[in-house]
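Comments concern the structure below.
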Amino acid sequence: MASAVAGNLPVKRIAVLVFPGTNSEDETVRLLQLYGGDAELVHWSRSAALPQCAAYVLAGGFAYEDRIRAGAIAAHDAMMESVIDGAVRGKLVFGVCNGAQILLEAGLVPGTEAGRRVTAAFTKNAPTAAFVCKRVRLKLAVDPERSPITASLEAGAMFPAWAAHAEGRLAARPETLASIEQGQHVAFVYARENGTVDDEATPNGSALHCAGLLNREGNVLAVMPHAERVYPQGSVLFESFVKAVARA
């Protein structure tokens, strides 16, 4: 597919992973394709096709019915072997909502310790553990160059997204939260329309007002709200991801 975004850069295949229970894969693949990404759905029965792909996107849903914890079982699915191997070798990985939860359960994000030890989770909302479904605003909280995935965004970029989760609150030990903050792992925070970041803007009690996390290397991004559900404003993040894949 010709790219209106990537220009003359080579088109590289992007796999949108589909676990049992994933439900946002169609809009995700369409949006990636809209911005010139050579995106295709890869179901759990086709995991052997993943190593040939240049980048991976984990879409939202309820993989394996969110049994045990959201993302916990999917994190050990055979498909994740290729994702983990690719991430370690520098491939770009982007998870949205349930996909973000899977990345944390797999230990790919935030990566504050050696290896893939799970140090944080997107867990039950607070102060009440209820499903949140509301329009929110995300604000880029790091230098765009912190990650190739955000490199095409403007500093402090803000865009709307749709929070739709019961387990979106970042939780970790105090020392881990300190490492996350000091290491600039918080890629996106919840903000008011005027850019103010506070508890009122944060719909789920997330620590550090976190809406999205990066790993240490910057090639893995986990974002809880669905930016793909607010088109075209929220789609700037997907456009930036496609550009990053083309440049990689």
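Counting only residues that are within 16 Å of the chain's Cα centre (by Cα) and of a type in the set (A, V, I, L, M), how many does segment 181-197 have?
Initially, segment 181-197 is screened for residues within 16 Å of the chain's Cα centre (by Cα), giving 184-190.
Cutting the leftovers down to of a type in the set (A, V, I, L, M) gives us 186-187, 189.
The number of residues fulfilling the criteria is 3.
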Problem - Residues of segment 10-41 that turn out to be buried (at least 17 other Cβ atoms within 10 Å of the Cβ), under 21 Å from residue 70 (Cβ atoms) and over 16 Å from the mean Cα position of the chain (by Cα), as a count - result: 0
Completion exercise
Here the residues within segment 120-130 that are crowded, with 18+ Cβ neighbours inside 10 Å and free of Cβ contacts under 8 Å to residues at least 60 places away in the same chain are 121, 123, 124
Exercise for the section: Determine which single condition residue 183 fails, assuming it passes every other condition in (1) in contact (Cβ under 8 Å) with a residue 24 or more places away in the chain; (2) touching a Leu at 6+ places or on another chain (Cβ under 6 Å). Expected result: (2)
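Go through segment 100-110 and count every residue that is assigned to a loop (DSSP other than H, G, I, E, B) and surrounded by 23 or more Cβ atoms within 10 Å (Cβ to Cβ).
Going residue by residue through segment 100-110, those that are assigned to a loop (DSSP other than H, G, I, E, B) are 106-110.
Now drop any that are not surrounded by 23 or more Cβ atoms within 10 Å (Cβ to Cβ), which leaves 106, 108-110.
Total satisfying the criteria: 4.
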Handout entry: Residue count, segment 54-78 (criterion: touching a residue at least 40 places away in the same chain (Cβ under 8 Å), touching a Lys or Arg at 6+ places or on another chain (Cβ under 7 Å) and surrounded by fewer than 22 Cβ atoms within 10 Å (Cβ to Cβ))
Key = 1
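Since every read-out is calculated from the coordinates, none of them should be taken as a lab result. What you are looking at is a predicted structure, and each value in this text was computed from that prediction instead of being measured. With ideal geometry, Cβ positions are generated from the backbone for all residues, glycine too; neighbour counts draw on all protein chains shown.
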